[in-house]
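Colleague: Dumping the structure here so I can ask a few things about it.
Read-outs: derived from the displayed coordinates by stated rules, not from any lab. All of these numbers come straight from a predicted model, not from anything done at the bench. Reconstructed Cβ throughout: ideal geometry from the backbone, glycine too, with neighbour counts over all protein chains shown.
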């Protein structure tokens, strides 16, 4: 004779907090323009012209806010930029 029991399985709910954040990319002396442009395109999913404009802004001003949005997405962008050792900071 088996013992019967009931298991109540509840779906895990995803809670999105949507914390606003931004990613700032800093200039350095060891990455080429092409390296930065390509990594920005990869991180942001943007076109060449946008990545080139951001790269020039970083070069001339020493830094640029390259992403503004949700914290979770900002962290993803920062991690991709850091893959080639670009210097970034995430601000909330």
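Colleague: Relative contact order (percent) for the range 20-91, with alpha-carbon contacts under 8 angstrom and 6 or more residues of separation?
Modeller: Once normalised by length, the contact order is 52 percent.
Colleague: When 28, 47 are ordered from fewest to most other Cβ atoms inside 10 Å of their Cβ, what list results?
Modeller: Starting with the residue having the fewest Cβ neighbours, the order is 47, 28.
Colleague: Now for a different question. If you rank 75, 86 by fewest surrounding Cβ atoms within 10 Å, what's the result?
Modeller: 75, 86
Colleague: In addition: Could you line up 17, 37, 84 from fewest to most neighbouring Cβ atoms inside 10 Å?
Modeller: Fewest-to-most Cβ neighbours within 10 Å comes out as 17, 84, 37.
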